[in-house]
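Notes follow once the structure below has been shown.
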Amino acid sequence: MKRTTKIALVLLVLGAILIGIGWWNHGNKGVVWSSNPRGMRVIQHSKMSYQPGAYHKIVVDAQAPVTIKTGNTDRVSVSYLDKTAGRPTATVSKGTLTVRGGKQAAAMSKTFIGFSESDYTNGGVLITVPRDKQLDSIDVKRESKGVSLHHLTVDQVNVRSSDDVSLYDLTVKRDVTVHNTNGDVWVSQVKANRLDLDAGNGDTAINSSRLAATNNRMVSENGDILMSDTKLGGGQVNNENGDIHLESNRLTKTLTATTSDGDITAHVAQAAGVKSVVKDADMGDIKVKGHAQHSGYWRHPDAQAQYKLTAATGDITVSVN
């Protein structure tokens, strides 16, 4: 074995040993430059958990990521970076649980070792709601770093987020409103009267849900939209730059789907009506049950359930159950 190869192997083993020693002595922690006081500082995480007072509304006015779910206890858990300003807080006043804070501290503007700057928003908030509690409303007022709502019963839901949104197993008496700018939106097993969803730069998936209203609204600027196995009265699906996928939904009235720069695929019930329009015939094709069709083709125009599909410069493909 060449001498240089032996030296390389020795250095490799020595490096692995030093990494192990560093990890064992908590060397995996992030290190940042602190401007007040000036100098390098190891990032420390802290956590608080307590039982809040009685509440029937939740208001989130924070940039920290928030998770709200049911559980066996009534608890609020807050994780944050120690010795930093703007850490999340949760207080109860007049029956409303309000979450504030979570703003990234200026003193931690540069990360030196371990983690990127975006990893640190002073932690997050977990709210555990007792299983037998029905909330009047959940209102996420500010564009937070991420929102997760799971296994809840609530009258009204309003969510604003700049990151991913996850809504799972919700029973909502009235409407669900979601406004998202730069994250994916996932809606599953949600029962509500109406969904009003405005997604910016992210994909949207809605599946196994029940949306009774005939004026549901799902809009995206840059991302795909998937709706599958969902029962709905009707509404509109609009997409600027992305595809629309409608898979095995149960439609009562009329659903209008439009994309400016993308394709539309729809797997519909045998009895459903489908009208397909491609505005630029040179830029897109229409196929229904594997057969090419002209723009403006309308299948079962007298059916109660109607899909009206329009693509500006893309393909439309329709298959039937």
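The values are calculated or read from the model by the stated rules, or taken from the named source; none is laboratory data. All values reported here derive from a predicted model rather than from experimental measurement. Please note: Cβ atoms are built from the backbone with ideal geometry, for glycine as well, and neighbour counts cover all protein chains shown. Just so you know, the surface numbers come from the protein's heavy atoms only, side chains and all, with ligands and any DNA or RNA stripped out. Shrake-Rupley method; radii C 1.70, N 1.55, O 1.52, S 1.80 Å.
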Phi angles of the stretch 285-296, converted by Karplus (6.51 cos²θ - 1.76 cosθ + 1.60, θ = phi - 60°) into ³J(HN,Hα) in whole Hz with x for Gly and Pro, give 10, 10, 10, 10, 6, x, 10, 5, 9, 7, 5, x
The distance between the Cα centres of the stretch 162-214 and the stretch 244-321, in whole Å, is 23
Phi angles of the stretch 64-73, converted by Karplus (6.51 cos²θ - 1.76 cosθ + 1.60, θ = phi - 60°) into ³J(HN,Hα) in whole Hz with x for Gly and Pro, give 6, x, 10, 10, 10, 8, 7, x, 7, 10
The simple spin-label model distance between Thr96 and Ser228, using points 7 Å out along Cα→Cβ, in nm, is 4.0
Hull surface over four for the Cα convex hull of the stretch 199-321, reported in nm², is 6.4
Expected vector for the stretch 260-271, Karplus 3J(HN,Hα) from phi with 6.51, -1.76, 1.60 and θ = phi - 60°, integer Hz, x for Gly and Pro, equals 7, 9, x, 9, 10, 10, 9, 10, 10, 5, 4, 8
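For a test of the definition: using alpha carbon positions, the gyration tensor, and the 1.5 limit on a/c, classify the stretch 272-321 as rounded, prolate or oblate.
Numbers: a/c = 2.31, a/b = 1.64, b/c = 1.41.
It is prolate, given that a/c is not under 1.5 and a/b is the larger ratio.
At R0 = 25 Å, how high is the FRET efficiency between Arg75 and Asn193 if r is their beta carbon distance? Nearest 0.05 is fine.
Numbers: r = 30 Å, r/R0 = 1.20.
With R0 = 25 Å, the Cβ-Cβ based efficiency is 0.25.
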Counting only residues 5 or more apart in sequence or on a different chain, those whose built amide H sits under 5 Å from that of Ser137 are Ile58, Asp155, Gln156
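Go through Lys173/Lys231; Lys94/Lys145; Lys57/Lys191 and tell me which ones have a Cα-Cα distance over 23 Å in this structure.
Working: Lys173/Lys231 16 Å; Lys94/Lys145 27 Å; Lys57/Lys191 19 Å.
Flagged as over cut-off: Lys94/Lys145.
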The answer for Leu226, listing residues at least 5 apart or on another chain whose modeled amide H is closer than 5 Å to its amide H, is Thr204, Ala205, Ile206, His245
One would report the Cα pair-distance distribution of the stretch 132-227, bin width 5 Å, in %, as 3, 14, 28, 28, 19, 6, 1, 0
Note: Glu240 to Asp169 extended length (0.36 nm per residue) minus current alpha-carbon separation gives 22.7 nm
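Find the accessible area per residue for the stretch 156-209; the probe is 1.4 Å, ligands and nucleic acids are left out, and the unit is Å². List each step's numbers first, then the result.
Values: 1990 Å² over 54 residues.
About 37 Å² of surface per residue is accessible.
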